[in-house]
Amino acid sequence: MPRFKPRVKPKERQPTERHATRGAGKILGAAGSLPRQCWITDVSESGARLHSEADIPDEFALVLPSGKRECRVVWRLGNEAGVTFTDG
């Protein structure tokens, strides 16, 4: 009989509480690249979920209404990406 790994609920995978939000942000890639618009759909102390029609680089700075955060992509699904904040 095959053994299946129990599915982890999304809340258990997220280390901090998510807050649903709807707001615009800017992705600042490598030096010399133009800023890209993105839509922030949820945010937590440890990361955020972004939607962007443009490519999202693996590492970048994200300009939020509350300030700028350094990010790294941890998952991608179509035009959406989940990022973790790397600046503590």
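Derivation of every value follows stated rules applied to the coordinates shown; laboratory data play no part. All figures in this text were calculated on a predicted structure; none of them were measured in a lab. Cβ atoms come from the backbone with ideal geometry, glycine included; neighbour counts cover every protein chain shown.
Key figures for this structure:
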{"item": "Rg in Å to one decimal, and Dmax rounded to a whole Å, for segment 19-85 via C-alpha atoms", "result": "10.5, 32"}
{"item": "Order of S66, S52, S33 - criterion: other Cβ atoms within 10 Å of each residue's Cβ, fewest first", "result": "S66, S33, S52"}
{"item": "For F85, F60, order by how many other beta-carbon atoms lie within 10 Å, fewest first", "result": "F85, F60"}
